[in-house]
């Protein structure tokens, strides 16, 4: 965890919230998918790899009241905590490597934009999937976004594993049924584009 935390802490310290390639001023696709899956505003939601994303801001404005943010980088989470100010006490904050983390509760919505694709080692992928099973219940919704097959081969200096929605479903295994799939061409702050996929799963 130390090496991973150092890498991402350094990235956020060097580039800030808006200088990283994955920055979105408004994470509209994620918000739409979460709202569709969780019409009840008390639904437990966890954003894995939340970083300094503005998704938390939008979820709080929308009235969601059981929100957990997890990231390996304390620097990234502190940016969000500072940005949302007094609303920070409405959020549960977890600094952890998701592949080593042991959840103490469960959630009905698991959201991950751009963590899983950094796990290029099968053992790390297996650990993530095991944690995903532990942290969700049958009927829960899992929303994963990764680089598409036409997306970049590296991000933040690290190699990534690219997926289609179907290959992602194959990797997660039979406990997760693919319900929805979509693509997005993300525009980076640098004027380039990156192809992402979004896949929604139902935990069996």
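Quick check, is residue 148 farther than 22 Å from residue 25 by Cβ and at pLDDT 95 or above?
Judged against the criteria, residue 148 is not a match.
Tell me, please, whether a residue that is crowded, with 20+ Cβ neighbours inside 10 Å, over 15 Å from the mean Cα position of the chain (by Cα) and free of Cβ contacts under 8 Å to residues at least 60 places away in the same chain can be found in the range 70-77.
No; the residues of the range 70-77 include none that is crowded, with 20+ Cβ neighbours inside 10 Å, over 15 Å from the mean Cα position of the chain (by Cα) and free of Cβ contacts under 8 Å to residues at least 60 places away in the same chain.
What residue, among those in the range 153-177 that are closer than 17 Å to residue 133 by Cα and out of contact with any strand residue (DSSP E or B) (no Cβ under 6 Å at 6 or more places or on another chain), is surrounded by the fewest Cβ atoms within 10 Å (Cβ to Cβ)?
Per the stated criteria, the residue is 174.
Can you pull out every residue in the range 9-29 that is in a helix (DSSP H, G or I) and under 19 Å from residue 59 (Cα atoms)?
The answer is 28, 29.
Give me the pairs, please: first residue somewhere in the range 182-193 and farther than 13 Å from residue 151 by Cα, second residue anywhere and in a strand (DSSP E or B), beta-carbon distance under 6 Å, and either six or more positions apart or on two chains.
182/198
The rows are residues; the columns are (1) buried (at least 18 other Cβ atoms within 10 Å of the Cβ); (2) closer than 24 Å to residue 154 by Cβ.
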position	(1), (2)
37	yes, no
63	no, no
80	yes, no
112	yes, yes
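For the range 135-149, state whether one or more residues are within 19 Å of residue 49 (Cβ to Cβ), in contact with a helix residue (DSSP H, G or I) (Cβ under 8 Å, 6 or more places away or on another chain) and surrounded by fewer than 20 Cβ atoms within 10 Å (Cβ to Cβ).
Checking the range 135-149: not a single residue is within 19 Å of residue 49 (Cβ to Cβ), in contact with a helix residue (DSSP H, G or I) (Cβ under 8 Å, 6 or more places away or on another chain) and surrounded by fewer than 20 Cβ atoms within 10 Å (Cβ to Cβ).
Among the residues in the range 11-30, are any closer than 21 Å to residue 131 by Cβ and either crowded, with 21+ Cβ neighbours inside 10 Å or without any contact (Cβ under 8 Å) to a residue 60 or more places away in the chain (or both)?
Yes: one or more hits.
Among residues belonging to the range 185-201 that are surrounded by fewer than 17 Cβ atoms within 10 Å (Cβ to Cβ) and touching a strand residue (DSSP E or B) at 6+ places or on another chain (Cβ under 7 Å), point out the one that is nearest to residue 6 (Cα to Cα).
Taking the range 185-201 first, the residues surrounded by fewer than 17 Cβ atoms within 10 Å (Cβ to Cβ) are 185, 187-193, 195.
Narrowing further to those that are touching a strand residue (DSSP E or B) at 6+ places or on another chain (Cβ under 7 Å): 185, 187-188, 193, 195.
Values: 185: 29, 187: 26, 188: 23, 193: 27, 195: 27 Å.
Filtering the range 185-201 for residues that are surrounded by fewer than 17 Cβ atoms within 10 Å (Cβ to Cβ) and touching a strand residue (DSSP E or B) at 6+ places or on another chain (Cβ under 7 Å), the one nearest to residue 6 (Cα to Cα) comes out as 188.
The values are calculated or read from the model by the stated rules, or taken from the named source; none is laboratory data. These numbers were taken from a predicted model, which means no experiment stands behind them. Don't worry about glycine lacking a Cβ; one is built from the backbone with ideal geometry, like all the others, and counts go over all protein chains shown.
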